[in-house]
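Here is the structure we will look at.
The values are calculated or read from the model by the stated rules, or taken from the named source; none is laboratory data. As the structure is a prediction and not an experimental result, all values here were calculated from the model. Positions of Cβ are generated from backbone atoms using ideal geometry, with glycine treated the same way; all protein chains shown enter the neighbour counts. Protein only, heavy atoms only, side chains kept; ligands, DNA and RNA dropped before computing areas. Shrake-Rupley method; radii C 1.70, N 1.55, O 1.52, S 1.80 Å.
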Amino acid sequence: MRLRVDNIARIVGMESRGRLRLCGEEMDRMESLDDAWLLAVDGRIAAFGHMTEERPAADRVVDAAGGMLFPSFCDSHTHLVYAGSREQEFLDKIHGLSYEEIARRGGGILNSADRLHAASEEELYDAAMRRVREIAAMGTGCVEIKSGYGLSTEDELKMLRVIRRIRETVPLEVRATFLGAHAVARAYAGRQAEYVDLVCREMLPAVAREGLADFVDVFCDEGFFTVEETARILGEAARYGLCPKIHANELAVSGGVQLGVRCGALSVDHLERIGAAEIEALRGSDTVPTMLPGAAFFLGMSYPPAREMIRAGLGVALASDYNPGSSPSGNMRMVMALASIRMRMTPTEALHAATLNGACALDLSRDFGSISVGKVANFFLTEPMPSFEFFTYAYQTPLIARTFLRGEEFVA
Ligand code: NIG
Ligand code: FE
């Protein structure tokens, strides 16, 4: 199947040098092509060129009608398999309770775990698929989905099987992360060490036996899991070949960033509370610092120091954290807008963070995250726009006109 797109005002997010992540000042340099066509063959990008040049033959030709072509977003951090919703806690927050206070009262993650326990695999799958279709229509082409609302072996497996089924049915590239250590299950209240034992001795081997996870994650933060507990879980997971991604430094200066770098984590995520020591630890490491401004926005927290991180030469990623408690949105355009408005990232930096660097945080940037010959043809076309920056500036205008995954049009 050969698909050609004609009349593209500008192709953005190109990467011709094969870099797997853009770091520091590189993040603000955009490689683009104006007045272009693009050819996808059998789901991969095969060629592009100027409209004035001769165009290769194709089975299907799409007219971009003067819109721009963007690489699809790579959302490297979501919890989009969940049951029900948590708007009662939204009201509690409006009335003054903090995320930690709600969690201490048995709400939060434990609330979602109760609902997930009561839901069938079918119900979970249907609800999650609605969210996956929603994010695909909003431009996402790769997505990571975590477990972590099961908190028992059986329910964690249930979540991961749902993720596997999603992966088998959608054209998006899906990665699964085992997050058994998201919170201490209700049944283990006051017995955190025993819960960590359960994660290590029962959950991890069961997850590995079925081959259900690509990565492992731990909520390493004040009131959740300590650095020591996290290190133990990651050590066990390494025996099964699961690479870590860590929830770090959301609620406190937890030491999670340094641990992630030491363990060779693919990414450390959240980072609302980091300073010079954490930035220093990340310099020169392959661990991708990943920011989730949708969560900082929804919870009214301070934002990560993105400018300092980029100035220090780091290659940062942006993800949605789509989940029912701290970020009930998977809209990566909104994430980019928050990055620009609240963290002073330029639209160019924000796009690279939401595409190539997000793919890198999933070890996918060889095949995804930019418009490069040989990569999977995941992209979207916009309405005509006066400039590239307009996309982030006019953040609510419905500008995404058509999306393509693996070289075929995706219709939600
Ligand atoms: O990334 N911080 C931990 N986990 C999620 C929130 C999960 C929830 O509240 O349901 C997060 O923000
Ligand atoms: Fe999260």
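Would you check if there is a residue in the stretch 319-332 being within 17 Å of Arg29 (Cα to Cα) and at pLDDT 95 or above?
no
Scanning the stretch 227-259 for residues that are open to solvent by less than 10 Å² (accessible area, probe 1.4 Å) and among the charged types (D, E, K, R), which turns out farthest from the chain's Cα centre (by Cα)? The qualifying residue farthest from the chain's Cα centre (by Cα) is Glu250.
Just to be sure, is Glu383 touching a residue at least 60 places away in the same chain (Cβ under 8 Å), among the acidic types (Asp, Glu) and not assigned by TED's automatic domain parsing to the domain that holds Pro244? Yes.
Kindly establish whether Glu87 is over 30 Å from Thr382 (Cα atoms), of a type in the set (D, E, K, R), surrounded by fewer than 17 Cβ atoms within 10 Å (Cβ to Cβ) and in contact with a Gly (Cβ under 6 Å, 6 or more places away or on another chain). Considered against the rule, which asks whether it is over 30 Å from Thr382 (Cα atoms), of a type in the set (D, E, K, R), surrounded by fewer than 17 Cβ atoms within 10 Å (Cβ to Cβ) and in contact with a Gly (Cβ under 6 Å, 6 or more places away or on another chain), Glu87 comes out as no. Of everything listed in (1) of a type in the set (A, V, I, L, M, F, W, C); (2) within 24 Å of the chain's Cα centre (by Cα); (3) open to solvent by 50 Å² or more (accessible area, probe 1.4 Å), the single unmet condition for Ala57 is (2). Collect the residues in the stretch 297-324 that are within 12 Å of ligand 2 (Cβ to nearest atom) and either surrounded by 22 or more Cβ atoms within 10 Å (Cβ to Cβ) or without any contact (Cβ under 8 Å) to a residue 12 or more places away in the chain (or both), keeping them in residue-number order. Across the stretch 297-324, the qualifying residues are Ala319, Ser320, Asp321, Tyr322, Asn323, Pro324. Summed over the stretch 194-226, residues that are touching a helix residue (DSSP H, G or I) at 6+ places or on another chain (Cβ under 8 Å), among the aliphatic types (A, V, I, L, M) and in a helix (DSSP H, G or I) total 7.
Counting only residues that are in a loop (DSSP other than H, G, I, E, B) and within 17 Å of His79 (Cα to Cα), which one in the stretch 108-137 is nearest to ligand 2 (Cβ to nearest atom)?
This residue is Gly108.
Which residue out of Val261, Val207 is in contact with a Phe, Trp or Tyr (Cβ under 9 Å, 6 or more places away or on another chain) and over 22 Å from Ser302 (Cα atoms)? Residue meeting the stated conditions: Val207.
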